[in-house]
Structure formats: C-alpha cells, structure tokens
Amino acid sequence: MASSGTKLPAIPPIPSNTDPQLKTYLNAVDEALKVRLGRVGDPKDRAITVRELIDSGLAENFLEEPFNPNAGTPPNTFVPIDGLVDLAVPPDVTSLAGAGTFQKIILSWDLAQFGNFAFTEVWRHTSNDLGSAIRIDTTRAQVWSDTVDFNSNFYYWVRHVSTSNIVGQFAGAINVTTSKITDANADTVISAGAIDAAEIKAGAVTTDKITASAITADKIATSAVTTAKIQAGAITAASAILADSSITDAKISNLSATKILASSLDVASKGVLGSAGNIAAGTGQISQSTNSTGNVNKFFATSGSLTEYLTSVPYHLNSAGNSLSEVATVTFTTTSRSKQYVFLAHHGVNGVFDGDEEKVIVITICDSSGTPLSGSTGGTFQYVSGAAANDIFTLAHQITLATSTTFIAKMYAGTKNATIAADLGLSTSSLRISGVLMVFGLGL
C-alpha cells in the first residue's frame, strides 16, 4: 500500500534582475530538477524515490539510518528483494551465418540456451557500421529471413535479450548479398506466365531489344499472327523471312492456279513433284566392220557366251574382268531430298540377224570416281536371243540414291553371231549399236 510522501514546494521563477551568467546557470539547474521530478521531458527520465521502491515491493523498508540506504547489515536495512530481477547479461550469439537467394536473406545461429531468454534482436545496415544500424526485427527462433530486392547487399548484427530487458553483446557483422537476374537464371526466377501483356509497357519491346532468332515458332501462340498483323509486302523472297525449305508440303493445304501470279512460276530445268522430275540424257553408238559368224563376237572381249557377263553386279564385267563396250554415259548429282531415280536405256542394232544372234544391254550405276555400286543398286541388264535386227528395246532401272551426291550412269552392250549390214549409209559396211540413256529425277 502506498504511503503519503513529503510534499515538494514549487520552484519559483528566476528573478528578472539576475546576472545573465548566473541566470543561465539557474535555468539549467531549474530544467534538470524539473526533468528529475518528472514535471517536464520524458517520464522515463524522472528520478525514482526510495519510497516508490518500497511501495512497489522492489525493496524492503530500512530500520536504521533512514537517509543512508547503504548503512547497516542486511536484512535489517534497505535491500533489494531476492529473486525478483535477474540482471545477468545474456550469453553471446554463436555460429551466426547468412545466405542470400534472389529476394531473401536467411540468417541462422545456435539456439539460445539461458533461462530468462526473451528474444533475439536483428540489426541491419548497408555498410559495416553498427553505430548507424537500426533494429529491424526481434525473434525467438534461431532462423530468420529478410525480404529484400534482387542484387542487394546488407550487413547484419544480432544479440540476445533477457526477460529483465538486459541485452547481450552483438554478434556480427555478417555481410550477405542477394542474387541478380541474369540470362542464366531468368527461367528460374521468373515463373512461366508471370509476365503477361498487361505488365509490359506499350512500346517497351522494340526491334533492338529482341535478339536474333529469339522468337521461334513455339513462342508464338496459335493463331496469334493474323493477316492484319503482317505489313503488306513485308514477306518477300528477298526479305529472308522465309528460311530455306520452311514451306513444306504439310504447310500447303491447297495450291491452285488462281493462287499463282501470272509469269511467277518458272519451271525451266526444275523438277515438278508428282511427275518424273527433270531428265538428263546421254546418247552414243559403237560399231565394228567385221562379221561375227559362228563364235565371233562383237563389243566384248571373250569368245564364250554373253551370259557369262550376267552372273553378278556389275553386269558389264565377266569374272576375268573383261568389259562390254560402253555406249552412253550420264553424270548427275542428287538433291538434298531422298527421292527415287529412274534410268531408261533405248537401244537398237543395225546389222543382219539370221536367227542365231545374241545381244545384251547393261545399265551400270557408278560413284563419282567410276566405281560401280554394289548390290541391286549397281545396275540391271537385258539379254535377247534371236531377235530381228531392227527391233528396238527398252531397259528400265529404278533405285533410291544417297542425297547430295554425284553419280555416273553408264550403258554397255555386246553382240554375238551378228552379220554386218551394207546399207547403213556408212563408207564401210558395219555392225552398229546405238543407244540413248536417260535419267529421271529431281535436281538433274
């Protein structure tokens, strides 16, 4: 229960005729007394009386020498009451660490282990200057996070505070920097759909801010590019907007005559899809002036049967390496698209056939060096026995060849038991094989 205290008199004003220096001194004393009496200034700065300590229960009443609180032997005189206030300084913060992400700084420390722990203060500043730092938070946890901007740098200090409002020593400073957005981490920082059209200022995205090839087909929404959004005449062959081979069959649903401008389609020396394509041709002939009677042969080196040439590819060579005579040749290069190629050989013989003649025509496909290809790709043949002299025959061969490669097609021929003809319009009677070798395909 509060007891009535001594009533203090009012402090009179300083007389007006006081010496100026003395008046200054008295003004200072007057203000100091009023602050300590709690009459001016912050109430927290006023003096506490012994009576207030006793009345509040924070101290026991003294029994001897009332005006000397240090006299006597406790507990007979004025002493604090045991156990009410723990004035111990909290222990230091240990294992302080920090880490920065994009917009977060995480601090951690060891768990506070003292009985009257109240909280831990967190102080921050942009430089290593504790005197200028401010307290930004308090926490009872041992892990704390701060939300800041990208590429931010801060210094942090922390200290424990007890329930008696006794503060410990600062730990720190610890310096932490958050990450900044770069090309390498933009996809991680900015989630899909986070930036939409409403968040981009009109006119902010200009041509110089878009890197080459940055806008690809997968980044353009379906039906986003309409005719109204394409400037008239912007897409031309010369503008290089259309990449090579970008318009494929799958992208053309219907190409009719009304969609082709007059004189705009030049098909000279061009292959047309759905047709045989371009045609390359080679013509030639071979002749001899000696009759081949009985076992005499024309246009091949051995005296045996023509069939010995037809056992395996290449058909114009026999097992001894002897060759039929070459009639015609065509050199061509395939395109970058894998397509089939067709070879046609038309051939005839001028001479006299009496029924025992044999004739063979061969198509051989070689690489650019003249080496025949292997297997069924390498060629085909036609063998005729007992045909009329003026019969014209056609031999066909269809294969798929490697892209962007040069090949040589050759036509070979040979006869047996054929007789020369005297009415061929030649200066000397001869036996003659004439032929045309044609190659059908794109890019020829």
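The values are calculated or read from the model by the stated rules, or taken from the named source; none is laboratory data. Because the structure is predicted, anything quoted here is derived from the model rather than measured. Using ideal geometry, Cβ is built from the backbone for each residue, glycine included, and neighbour counts are taken over all protein chains shown.
Descriptive notes on the structure:
- Being at pLDDT 85 or above, among the charged types (D, E, K, R), loosely packed, with under 14 Cβ neighbours inside 10 Å and not assigned by TED's automatic domain parsing to the domain that holds S162 is a property that E31 has.
- Residue satisfying all of: in region 349-369; assigned to a loop (DSSP other than H, G, I, E, B) and at pLDDT 90 or above; surrounded by the most Cβ atoms within 10 Å (Cβ to Cβ) among these: S368
- Residue selected from region 312-348 under the condition part of a loop (DSSP other than H, G, I, E, B) and of a type in the set (S, T, N, Q), by the criterion farthest from T415 (Cα to Cα): S336
- Within region 180-196, the set of residues being assigned to a helix (DSSP H, G or I) and modelled with pLDDT of 75 or more is empty.
- Meets criteria (in contact with a strand residue (DSSP E or B) (Cβ under 9 Å, 6 or more places away or on another chain) and either at pLDDT 55 or above or in a loop (DSSP other than H, G, I, E, B) (or both)) for L63: no
- Within region 115-135, being farther than 15 Å from I174 by Cα and surrounded by 13 or more Cβ atoms within 10 Å (Cβ to Cβ) holds for N116, F117, A118, F119, T120.
- Considering T302, T283, T329, T290, the condition of being of a type in the set (S, T, Y), at pLDDT 80 or above, surrounded by 10 or more Cβ atoms within 10 Å (Cβ to Cβ) and assigned by TED's automatic domain parsing to the domain that holds F407 is satisfied by T329 alone.
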